[in-house]
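Visitor: The structure's right below; bear with me while I get my questions together.
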Amino acid sequence: MDYATLLRRTSFALTMALIAVLICYFWIDRPVAFFVHRHHIDEINFLRWLTYPPPELQTWSPLLVTLLLVRGAWGPLLHWEKVLLVACLSLIVADQFRICLGDVCGRYWPETWRQDNPSLIDTGTYGFHPFQRGDDIGSFPSGHAARILSFGMVWLIAIPGSWVILAVLGLPMLISLVAMNYHFVGDVIAGSVLGGIVATYATHLARLRPDGQASA
């Protein structure tokens, strides 16, 4: 795939994501957040546990990258090792990108859950407040979703058969973000698209192919 095709597909993905986020913002995000709160879905511990792996993976990604680079001194990396290296780098880049977009968009959270952050449920605040920096208004896009997709999509693209693992592990994690009222539906969609785009470019730059050979 050449860069022109990649850019066209990126533009299409961003357009579809924007439409989806707008639909969620006006008609879906608030009803879902109130539904979760009214029915105490966010008190289910199992759903909370599903939100733990993405930040942990981010924490350990720099060490994994370092170990893989050292491993490369003893010979070429195996295909799965290359995929793991690119997946970790993709996650790191996607999360930093998410931080930038969080500052640009400045969206309030569904619920107040730390540092008395303003939220829809607890303080009645809703919407985007561009260029107001801080974790208390960094709901959009979802960092968890960006981490999940940026890491998982690298495996999916480089090893197509891994879609089963991504679906079994990744999809419940994405659902748990909304079920815990950590994010609005639109936040998760935006974070997922962000992660998927970063993963796509990462695998393209790394020239990963399903057969483990570098493309020309």
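Visitor: If you count, for each residue, the other Cβ atoms within 10 Å and average over each peptide, how do 51-58, 155-162, 172-179, 3-10 line up from highest to lowest?
Guide: Details: 51-58: 16.2, 155-162: 17.8, 172-179: 20.5, 3-10: 11.5.
Answer by packing, highest mean first, reads 172-179, 155-162, 51-58, 3-10.
Visitor: What order, most packed first, do the peptides 59-66, 192-199 have when packing is the mean number of other Cβ atoms within 10 Å of each residue?
Guide: Numbers: 59-66: 13.6, 192-199: 25.6.
With the highest mean Cβ count within 10 Å placed first, the list reads 192-199, 59-66.
Visitor: Which one, Leu174, Ile41, Tyr52, projects farthest toward the positive side of the charge dipole computed for region 3-206 from Cβ point charges (K/R +1, D/E -1)?
Guide: Leu174
Visitor: Separate question: Grab the DSSP H runs of the chain that are 4 residues or longer, score each as -39,500 (n - 2.57), total them, divide by all residues and round the 222 nm result to the nearest 500 deg cm²/dmol. Can you show the working numbers first?
Guide: Working: 9 runs with 133 residues, N = 216.
Calculated from helices alone, the mean residue ellipticity at 222 nm is -20000 deg cm²/dmol.
Visitor: Fewest first, what order do Cys24, Cys100, Cys88 take by the number of other Cβ atoms within 10 Å?
Guide: Values: Cys24 19, Cys100 9, Cys88 25.
Final ranking by Cβ density, sparse to dense: Cys100, Cys24, Cys88.
Visitor: Grab the Cα-Cα distance for Trp163 and Asn45, subtract it from 0.36 nm times how many residues apart they are, and report the gain in nm with one decimal. It would help to have the intermediate numbers written out before the result.
Guide: Details: separation 118, 0.36 × 118 = 42.48 nm, distance 2.65 nm.
Contour length minus Cα-Cα distance gives 39.8 nm.
Visitor: Would you please give the FRET efficiency between Phe34 and Trp74, computed as 1/(1 + (r/R0)^6) with r the Cβ-Cβ distance and R0 = 45 Å, to the nearest 0.05?
Guide: Efficiency, rounded to the nearest 0.05: 0.20.
Visitor: Which residues does the label zone of Ile175 cover in region 5-40, counting backbone N under 16 Å from a point 7 Å along Cα→Cβ?
Guide: The answer is 36.
Visitor: Separate question: Taking the Cβ of each residue in Ile148, Ile99, Ile19, Ile137 as the centre, tally the other Cβ atoms inside 10 Å and list the residues starting with the fewest.
Guide: Numbers: Ile148 28, Ile99 15, Ile19 10, Ile137 23.
Placing the least packed residue first, the sequence is Ile19, Ile99, Ile137, Ile148.
Visitor: How high is the relative contact order of the chain? Use alpha-carbon pairs under 8 Å, at least six apart in sequence, and give a whole percent. Please list the in-between numbers first.
Guide: Working: 327 pairs, mean separation 58.1, N = 216.
Value for the chain: 27 percent.
Visitor: Also, quick follow-up: On a 0 to 90° scale, report how tilted helix 185-206 is relative to the longest principal axis of the chain, with both axes built from alpha carbons and the result rounded to the nearest 10.
Guide: 10 degrees
Visitor: Compute the separation of the alpha-carbon centres of region 76-137 and region 153-168 and state it in Å as a whole number.
Guide: 23 Å
Visitor: Using the number of other C-beta atoms within 10 angstrom as an exposure proxy, rank Tyr126, Tyr182 with the fewest first. Don't skip to the end; give the middle numbers.
Guide: Values: Tyr126 18, Tyr182 23.
Fewest to most other Cβ atoms nearby, the residues stand as Tyr126, Tyr182.
Coordinate-derived values only; no laboratory data. Bear in mind the structure is a predicted one, so any value in this text is a computation, not a measurement. FYI the Cβ positions are ideal-geometry reconstructions off the backbone, even for glycines, and counts take in every protein chain you see.
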